[in-house]
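First the structure, in the form of structure tokens, and then the observations on it.
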Amino acid sequence: MNATNNPFRALPSVDSLINSHTGQALAARYGRDAALDAVRAVLEQSREHLRENGGVSLFAEALLDAVAARLHHSFAPTLRPVINATGIIIHTNLGRAPLSDEAQKAVLEAASQYSTLEYQLETGKRGSRLVHAEAALCEITGAEAGLVVNNNAAALVVLLSALAKGREVIISRGQLIEIGGGFRIPEVMEQSGALLREVGTTNRTRATDYERAMTPDTALLLRAHASNFKQIGFTESTPLAEMAQVAHAHNLLLVDDLGSGALLDTAQFGLDHEPTVQESLAAGADLVCFSGDKLLGGPQAGILVGKKALVDMLKHHPLARALRADKLCLAALTATLNHYRKGEALEKVPVWRMIARPVGEIEALASEWAQAIGDAANVMMGDSAVGGGSLPGSTLPTALLTLDVRDADAFTAQLRASDPPVIARVAEGKVLFDPRTVLPGQAARLLEIIVSCLQS
Ligand SMILES: *Cc1c(COP(=O)(O)O)cnc(C)c1O
């Protein structure tokens, strides 16, 4: 048998591939070790293919194409930007809140240079990272003090560990909630060493229920905002101000886990009213915790605000150190909070800009898109959702671009395979695009992608 009729011998060697012009270019781009690994893997694949199917071996050029594709794929990030055309503004699976221009700039500055993260310029001495967002949080919410940690789940863990370890926490049965991603309030409490004391029934909890459950071991009353579901019908929950009265009359603390932590009133846009941080503090909550990347519209963070003595205790707890916020988070959060301080959050914070976007503007955009696309496209009225576990069942009227396609699921798969991937909705066999959540810089590319998917 000679080389021409033995396909295995006809396969190029590792050396010849890596030393070829293309091989050298790939080694320069991805590093020699990675390129060699890819060459070996592609050759092994070819040998296997020949063993199983026979035939003739591929030419070097085709093998190098496969090597290039393999390297491209293995170095492509798995965390990729996408176009969110779902109309769900705080989409947890798509990264929750996009940052404002100012917050993006602050992140870039903090990431690319040294900073005063823990340094006092006046004295030249060590400072604390905890100061960066605290003053702004206090100014906006009226709180005495504040602390930022990794996320709201971490805020709850720190708070319960510091204030209720080995003691009882009273919570209404209707608030023993699970949030997306398997985060369950009872399990977090257990991890913190706090003992759960459930009161009331699923649909009704009154002030007297809390009072009767109190023992000398009780540390605090906890309210968890049932953010991702809605109870209707025969329900009653104790107003926060009443819970505060009951707690304080017995020298206990009241803690409010708000989840979303709105700083502005959602009702001004026809949505249900999401309780605000300011309201919780005014109602008498000693500590309030909420997320940075839900309705606040900033980076992932857990924010705790409230009484100074309590926040100081939390700051010194070892878990606050373990779960601390990083400099990029603090930079983005401070820049986001400044939008609220300046009264420009509705214009500058993307989450609020999307919530506040007039339906007429969205309809004009949808019509413009439909016209550009042609026959397959139409405009239909529909709903956008706030998402992120906020305001369940409360929606914003919107206009949708709709596409009539033969196979809507196949079409959305094609959209997801585009660059950047496009995430759309499907209803009644139509593909729906909500302009509300498409960022201003993405519209032109979105249209190109839609047109190209329709053509193929
Ligand atoms: C979202 C939410 C949390 C968890 O917040 P993360 O920032 O995602 O950790 C906790 N409690 C409530 C009520 C929530 O809505």
Which one of LEU253, LEU221 is at pLDDT 95 or above and touching a Phe, Trp or Tyr at 6+ places or on another chain (Cβ under 7 Å)?
-> LEU221
Among the residues of the stretch 5-18, write down those that are out of contact with any Ser or Thr (no Cβ under 8 Å at 6 or more places or on another chain) and more than 11 Å from ALA35 (Cβ to Cβ).
-> ASN5, ASN6, ARG9, PRO12, SER13, ASP15, SER16
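With the structure loaded, tell me whether ALA135 is surrounded by 15 or more Cβ atoms within 10 Å (Cβ to Cβ) and among the small types (Gly, Ala, Ser) or whether it fails that test.
Numbers: surrounded by 15 or more Cβ atoms within 10 Å (Cβ to Cβ): no; among the small types (Gly, Ala, Ser): yes.
No: the conditions fail for ALA135.
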Does GLY174 satisfy the condition of being out of contact with any Ser or Thr (no Cβ under 8 Å at 6 or more places or on another chain), among the small types (Gly, Ala, Ser) and surrounded by fewer than 22 Cβ atoms within 10 Å (Cβ to Cβ)?
-> no
Quick one: is ALA309 more than 11 Å from the ligand (Cβ to nearest atom) and free of Cβ contacts under 8 Å to residues at least 60 places away in the same chain?
-> yes
State yes or no: is GLY374 of a type outside the set (Phe, Trp, Tyr) and at positive phi?
-> yes
Could you say whether any residue in the stretch 134-150 is charged (D, E, K, R) and either within 16 Å of the ligand (Cβ to nearest atom) or closer than 19 Å to ALA325 by Cβ (or both)?
-> yes
Out of ILE179, ILE185, sole residue that is touching a Gly at 6+ places or on another chain (Cβ under 9 Å), buried (at least 17 other Cβ atoms within 10 Å of the Cβ) and modelled with pLDDT under 95 = ILE179
Taking the residues in the stretch 252-274 that are in contact (Cβ under 8 Å) with a residue 12 or more places away in the chain and small (Gly, Ala, Ser) as candidates, determine which candidate is nearest to TYR210 (Cα to Cα).
-> GLY259
Please state which one of LEU99, LEU160 is surrounded by 20 or more Cβ atoms within 10 Å (Cβ to Cβ), modelled with pLDDT of 95 or more, touching a helix residue (DSSP H, G or I) at 6+ places or on another chain (Cβ under 7 Å) and over 26 Å from ASP265 (Cβ atoms).
-> LEU160
Would you point out which residue out of ARG173, ARG184 is without any contact (Cβ under 8 Å) to a residue 60 or more places away in the chain, away from the ligand (no atom under 12 Å from the Cβ), over 22 Å from LEU328 (Cα atoms) and charged (D, E, K, R)?
-> ARG173
Just give me the residues in the stretch 165-204 being more than 22 Å from the chain's Cα centre (by Cα) and in a strand (DSSP E or B), in sequence order.
-> GLU168, VAL169, ILE170, ILE171, SER172, LEU195, LEU196, ARG197, GLU198, VAL199, ARG204
Single condition GLU122 does not satisfy, out of (1) assigned to a loop (DSSP other than H, G, I, E, B); (2) acidic (Asp, Glu); (3) touching a residue at least 24 places away in the same chain (Cβ under 8 Å) = (3)
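Take LEU258 and tell me if it is within 12 Å of the ligand (Cβ to nearest atom), part of a strand (DSSP E or B) and crowded, with 21+ Cβ neighbours inside 10 Å.
yes
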Quick one: count up the residues across the stretch 8-25 that are touching a Lys or Arg at 6+ places or on another chain (Cβ under 9 Å), of a type outside the set (Val, Ile, Thr) and either modelled with pLDDT of 95 or more or part of a helix (DSSP H, G or I) (or both).
-> 1
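The values are calculated or read from the model by the stated rules, or taken from the named source; none is laboratory data. All figures in this text were calculated on a predicted structure; none of them were measured in a lab. When we count neighbours, we look across all protein chains shown, and the Cβ atoms used for this are built from the backbone with ideal geometry, even at glycine.
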